[in-house]
Amino acid sequence: MGKSASGKDNIYSRLAAHKELNLKTLVLYTTRPIRAGEQDGKNYYFVDDAKLEEFRKNGNLIEARAYHTVHGIWTYFTADDGQVDLKESDYLGIGTLESFTKMRNYYGEDAVCPVYIQVEDGERLARALKREREQTNPKYEEMCRRFLADQSDFSEENILAAGIRKRFQNVDLEVCVKEIVNYIKSVQ
């Protein structure tokens, strides 16, 4: 987890591909539109509000976060959809402090290990702008909204309240991934 444009997707991909860790990927759900380069069922399950309500109605919704964007309400959520069997495998997922806390409450404190990624704000903003420029229809207002929202969502107070003790600085991607791999090995 980490603020937007902290490199979570790149780090996630590298950790998922790391043979020694042998982590299965937990695919989350979202109602937002798919971005260029994303794949349904790989990055997220891209669904509509009806699917979200189906999970809620059936009692399978673990956590959900709704964001009031300049393009409407986008919801990101985790559902107990049969993907996770903690007796069989360890899993890797992407989320926020809020989703981490709810996942930890749902699966148990010993079952969920936080990996918090940090990047200096100026660098993060530059990365976000570069990523948005690569989109067919850049959504700069939404990029700015996310950047500002992350400042409060990932405040120092919220990070500490979530029980995050270790942080990984994503200045050099290779070094950061190596540190995370060693950390995961130490807690597996």
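The values are calculated or read from the model by the stated rules, or taken from the named source; none is laboratory data. In this text the structure is predicted, and so the values were computed from the model without any measurement. All Cβ positions, glycine included, derive from the backbone under ideal geometry; neighbour counts span all protein chains shown.
At-a-glance table
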item	result
Pairs where the first residue, in segment 133-155, is within 23 Å of GLY37 (Cα to Cα) and the second is among the polar types (S, T, N, Q), C-beta under 6 Å, 6+ apart	GLU142/THR69; ARG146/SER4
Test: residue in segment 107-124 that is small (Gly, Ala, Ser) and either within 25 Å of GLU38 (Cβ to Cβ) or touching a Leu at 6+ places or on another chain (Cβ under 8 Å) (or both)	yes
Options ALA36, ALA64, ALA50, ALA16; residue that is more than 16 Å from the chain's Cα centre (by Cα), modelled with pLDDT of 95 or more and either aliphatic (A, V, I, L, M) or surrounded by fewer than 17 Cβ atoms within 10 Å (Cβ to Cβ) (or both)	ALA50
Flag if ARG127 is at pLDDT 95 or above, under 17 Å from the mean Cα position of the chain (by Cα) and of a type in the set (Lys, Arg)	yes
Every pair of residues 6+ apart whose Cβ atoms lie under 6 Å, when the first sits in segment 82-111 and is of a type in the set (Ser, Thr, Tyr) while the second is part of a strand (DSSP E or B)	SER89/LYS24; TYR91/LYS24; SER99/GLU63; TYR106/ILE62
Boolean, SER4 is modelled with pLDDT under 95, part of a loop (DSSP other than H, G, I, E, B) and surrounded by 16 or more Cβ atoms within 10 Å (Cβ to Cβ)	yes
